[in-house]
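Novice: Structure in structure tokens, see below.
Every number in this text was worked out from the coordinates using simple rules, so none of it is lab data. Here the structure is a predicted model, which means the values were calculated and not measured. Cβ atoms come from the backbone with ideal geometry, glycine included; neighbour counts cover every protein chain shown.
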Amino acid sequence: MKKTVSKDSTIIAFDQSGKGSALILVGGAFQHRAIDPRTTQLAALLAPYFTVYHYDRRGRGDSSDTAPYAIEREVEDLEALIKEAGGSAFVFGMSSGAVLALKAAARGLAITQLALYEPPFNLDDKARAVSETYTKQLTALLAEDRRGDAVTLAMLTWGTPAEVVAGMRQTPVWAIFESVAPTLAYDNALMGDGSVPTKQLASVTVPTLVLDGGASPVFMHNAAQAAADALPNAQRRTLAGQTHDVAPEILAPELIEFFKG
């Protein structure tokens, strides 16, 4: 494990592996190295081709945190990693991590190529109401430090079956989910009301690959297409049979082909 320091003195922990051009992996909600075996597997598959940086976003794992939260602070975290990587980097973002990567690129960070897997935008107007309700409930639960209930709320809102959540609450990993529950508010802030920020995306001119899974819900396909349409220099691919929980062995070849060019 290595560490770098963000602009506000937050410590950002990361693993570095491989050799070649720098590639930074940006995780989504809950994801950090302690409970993220798929991204760890992905890093191992990419390491023969790139110098891979797999980091804990602030408030997770071995990274520290500094209040108050702002999206700008997470962009600065990524900027610190890019500096650590030599001043420029490829970036791959997963889920809400893809949205963070997009915001960082829009703010002019030295991202030379960008790949995104299923940024969870939603084009359905009804989703705006769901997002508003979720935000109110999440804020209330976290204010009362009801971390387990906040995790449950997030999982149910995102479509995890209730019986699966109930089973997970009885396992040791649940305590790890609870430990990062406050960061659910960070991902919620990144997503806003869930709509596609078309004006912001229009400023992202770097080559971008937008990926989605063929077995994912329709709204994910629509979100991927809307993001690709809004980006000036984007291509889109659908990975047959994949869901939001994409298999590293399927994802890695797509990233290698895109970033190696």
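Novice: When 169, 33 are ordered from fewest to most other Cβ atoms inside 10 Å of their Cβ, what list results?
Specialist: Working: 169 15, 33 21.
Going from least to most buried by this count: 169, 33.
Novice: Using a simple charge model, +1 on the beta-carbon of Lys and Arg, -1 on the beta-carbon of Asp and Glu, nothing else, what dipole does the chain show about its Cα centre, in debye to the nearest 20?
Specialist: Numbers: 23 positive and 29 negative charges, 88 e Å.
Computed about the Cα centre, the dipole is about 420 debye.
Novice: Let me ask something else about it. Given the chain, what count of lysine pairs have C-alpha atoms under 18 Å apart, with each pair 8 or more places apart or on different chains?
Specialist: Going through the chain pair by pair, I get 10.
Novice: Continuing with this model, one more query. Taking the number of other C-beta atoms within 10 Å as the exposure measure, put 149, 229, 245 in order starting with the fewest. Don't jump to the answer; show the numbers that get you there.
Specialist: On the way: 149 17, 229 13, 245 10.
So the residues, fewest neighbours to most, are 245, 229, 149.
Novice: For segment 209-253, what size does the Cα cloud have along each of its three principal axes, sorted from largest down, in whole Å?
Specialist: Rounded to whole Å, the extents work out to 29, 23, 12 Å.
Novice: Still on this structure: Considering only 143, 127, 106, give the residue with the highest GNM mean-square fluctuation for the chain, with springs between Cα atoms whenever their separation is below 10 Å.
Specialist: Checking each option, the largest mean-square fluctuation is seen for 143.
Novice: Test of understanding: in a Gaussian network model of the chain with alpha carbons linked when under 10 Å, which of 206, 99, 164 would top the mean-square fluctuation ranking?
Specialist: Per the Cα network of the chain with a 10 Å cutoff, 164 tops the list.
Novice: How compact is segment 125-188 by the rule of thumb for globular proteins, expressed as Cα Rg over 2.2 N^0.38 Å? Could you put the intermediate results ahead of the total?
Specialist: Numbers: Rg = 11.7 Å, N = 64, 2.2 N^0.38 = 10.7 Å.
Cα Rg divided by the expected 2.2 N^0.38 Å: 1.10.
Novice: Between 120, 172, 217, which gets the highest mean-square fluctuation from a Gaussian network model of the chain, Cα cutoff 10 Å?
Specialist: 172
Novice: What percent do you get for the relative contact order of the chain when only Cα pairs under 8 Å and 6+ apart count?
Specialist: This gives 20 percent for the chain.
Novice: Turning to a different aspect of this structure: Quick one: 168, 155, 94, fewest Cβ neighbours within 10 Å first, how do they rank? Let's see the in-between values first.
Specialist: Numbers: 168 15, 155 19, 94 27.
The most exposed by this proxy come first: 168, 155, 94.
Novice: So, one more: Could you give the distance between the Cα centres of segment 124-180 and segment 40-109, to the whole Å?
Specialist: So the separation of the two Cα centres works out to 24 Å.
Novice: Pairs of Cα atoms under 8 Å, at least six residues apart: use those to get the relative contact order of segment 125-188, whole percent. Each step should come with its number before you reach the end.
Specialist: Working: 33 pairs, mean separation 24.2, N = 64.
Computed over segment 125-188, the figure is 38 percent.
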